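Here's the structure we're looking at; comments come further down.
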Amino acid sequence: MDAWPILIAGMLVGTMSIVCFTWARPWGVVGGMRVWADWLFYGLGLYSQAPRSVLIDTNSVITLGLIYGAFGAALIAGKFAFRFPPRMEIYKAMVGGTLMGFGASWAGGCNIGGFYSAISALSLSGFAMAVGLIGGAYLGLKYLYWEMEHFPSAAGGSAADGEGKKGFDWNKIKPLLGWIVLLGGYAAFQVYKYEGYTIIGGIFLCGMAFGIILNRANFCFARAFREPFMTGEAEVPRAVIISIMISVVGFAILKWTGFRAEGSYVTATFGLGSLVGGFIFGFGMLLAGGCGSGTAWRVAEGQVKLMVVLVFFASSNSLTKVWVNSSETLQTIKGFKVYLPDYLGYEITVIATIGLLLLWYLLVCYNEETDKFVVEM
Amino acid sequence: MVDVTADETLDCRGLSCPMPVLKTKKALAALGSGKVLEIMATDPGTGNDMPKTAKKNSGEYLGNKEGDGYTSYYIKKN
């Protein structure tokens with residue numbers, strides 16, 4: 001099946017971002033993974049306090065929904081298969097995932113929580129993380145070029161598992177299984193409703209919608225930051241920028257009218273937190289081969305490398321959070337909250353935010369024409 | 001679906017984004033004019049990337065062919 005056009009996907013994501021916030025809360029990805037890692041460390045005796053239930057904690061539910069929806073979508077589209085990477089890729093997954101978790105903790109979230117939803121939430125930290133992500137992606141790409149020169153045979157490749165085996169041909173029923181999975185998700189919503197957790201059930205559905213859209217369009221933020229340096233192409237960054245513009249307008253309305261709390265998703269990370277955290281995350285995601293949301297939907301379609309990334313991403317995020325929270329000095333270094341409307345008022349904030357995003361849009365278009373920022377191999 | 005004989009083969013099976021594109025870019029740079037490169041890949045996104053990668057690197061995308069658990073993409077160097 002053909003991939004969904006990336007610009008349309010971007011617009012759908014922007015719309016879903018508003019829907020999700022209106023329903024309950026902004027979307028994020030690493031938060032849920034961190035809860036799962038918290039449970040692992042609690043089980044191992046490292047943490048004394050049990051985290052909230054993975055089926056009730058909203059961070060966990062939205063990420064579960066994302067993976068689940070992407071899984072169903074991948075089955076329907078014939079994209080699901082276990083893909084086993086060579087050893088070098090596994091090492092990159094471990095290092096990349098660890099850096100992503102560390103960076104996301106400092107930045108107050110991953111490419112979604114710390115960047116996408118942060119800008120949407122009118123927090124200046126979102127732009128700071130964007131600057132960091134650009135720098136990190138640039139360095140990450142330079143590293144990949146270097147690796148290709150010095151370890152060319154290391155990325156040899158190994159065959160995917162699943163297809164072509166003798167016996168039952170799973171490919172014939174994968175699309176049907178996919179539809180059953182998606183219907184199962186709706187059934188899960190009914191269960192949540194029945195148990196008195198309608199809002200959380202709705203968050204799960206929102207997560208599923210994100211997962212379906214991202215997977216079907218192969219929508220990846222790592223690409224958005226990498227492509228201008230790698231190929232000069234602007235299609236993916238344009239889609240991300242348009243997506244955020246839509247989300248910003250929705251969030252501004254929700255906050256300005258008082259329907260949603262002004263402080264929502266405004267984290268005390270404007271400072272080294274967002275900038276350096278973004279840089280480290282950006283570098284890590286190039287090694288990992290996926291951003292936070294990209295990791296989630298790629299896991300759902302059977303990519304084993306990203307499963308390794310998820311484990312290290314979640315674990316390092318959990319441990320870093322505990323470390324930073326244990327020290328007031330570290331929290332000060334991380335930064336402070338900058339809610340733009342507090343300084344500029346809502347009207348100027350929206351104009352300035354859209355303006356900055358437009359500037360970025362024009363810059364990537366200019367780069368597409370001139371290859372000015374393309375890094376040669 | 002195409003039926004083409006490749007002059008050179010690049011095995012990107014098991015590799016995920018962006019490695020197949022990067023390795024193709026490098027292989028195309030070294031490829032002689034008129035020669036055909038076959039890229040074996042398992043990453044689902046590769047199908048969308050190959051036509052653009054070909055164009056950007058002085059190549060013509062000829063099409064793809066399903067293999068046993070992977071897809072082969074064919075690019076002819078201009």
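Read the figures in this text as sums done on the coordinates, not as results from a lab. Keep in mind that what you see is a predicted model, and the values were worked out from it rather than measured. Please note: Cβ atoms are built from the backbone with ideal geometry, for glycine as well, and neighbour counts cover all protein chains shown.
With a Förster radius of 56 Å applied to the C-beta separation of A:Leu362 and A:Phe168, the computed FRET efficiency comes to 0.60. One decimal place: the segment A:Thr15-A:Ser48 gains 7.9 nm when fully extended, by the rule 0.36 nm per residue minus the C-alpha distance. Per the Kirkwood formula applied to alpha carbons, chain A shows a radius of gyration over Rh ratio, Rg over Rh, of 0.96. Grouping the Cα pair distances of segment B:8-77 into 10 Å bins from zero gives a pair-distance distribution of 24, 62, 14, 0 percent in increasing distance order. Spherically averaged projected area of the convex hull of Cα atoms, segment A:19-177: 13.3 nm².
If a spin label sat at a point 7 angstrom from the Cα of A:Leu139 along the line to its beta carbon, the backbone N atoms of segment A:107-129 nearer than 15 Å would be those of A:107, A:129. Summarising the label geometry, the points placed 7 Å from Cα in the beta-carbon direction at B:Lys55 and A:Leu183 lie 4.1 nm from one another.
The string of couplings for segment B:50-55 from the Karplus curve (6.51, -1.76, 1.60, θ = phi - 60°) is 4, x, 5, 4, 4, 4 Hz, one whole number per residue in order, with x for Gly and Pro.
Size descriptors for segment A:312-377, from the alpha-carbon set: Rg then Dmax equal 19.1, 49 Å.
For segment B:1-30 and segment A:171-237, compute the distance between their C-alpha centroids and round to whole Å. Here the two parts' Cα centres lie 29 Å apart. Checking every one of the GluC sites (Glu not before Pro) in segment A:165-252 against DSSP loop status and a limit of 13 other Cβ atoms within 10 Å picks out A:Glu195.
What the Cβ-Cβ distance of A:Trp323 and A:Ile90 gives, at R0 = 25 Å and to the nearest 0.05, is a FRET efficiency of 0.45.
Pairs of alpha carbons in segment A:185-243 separated by more than 16 Å make up 56% of all such pairs. Within chain A, helices built from complete DSSP H runs that reach 15 Å or longer along their own axis (Cα positions) and carry a mean Kyte-Doolittle hydropathy of -1.0 or higher are A:6-23, A:30-43, A:58-76, A:87-107, A:124-150, A:170-194, A:198-217, A:235-256, A:272-288, A:304-325, A:340-370. Judged by a Cβ-Cβ distance under 4.7 Å, the unpaired cysteines of chain A are A:Cys110, A:Cys220, A:Cys291, A:Cys365. Calculated mean residue ellipticity at 222 nm for the protein assembly as shown: -21500 deg cm²/dmol, from DSSP H runs with n ≥ 4 weighted as -39500 (n - 2.57), summed, divided by the residue count and rounded to 500. A Förster distance of 45 Å, applied to the separation of the beta-carbon atoms of A:Lys337 and A:Glu149, puts the FRET efficiency at 0.55. In this simple spin-label approximation, A:Met307 and B:Thr9 carry label points 7 Å from Cα along the Cα→Cβ vector, and these lie 2.7 nm apart.
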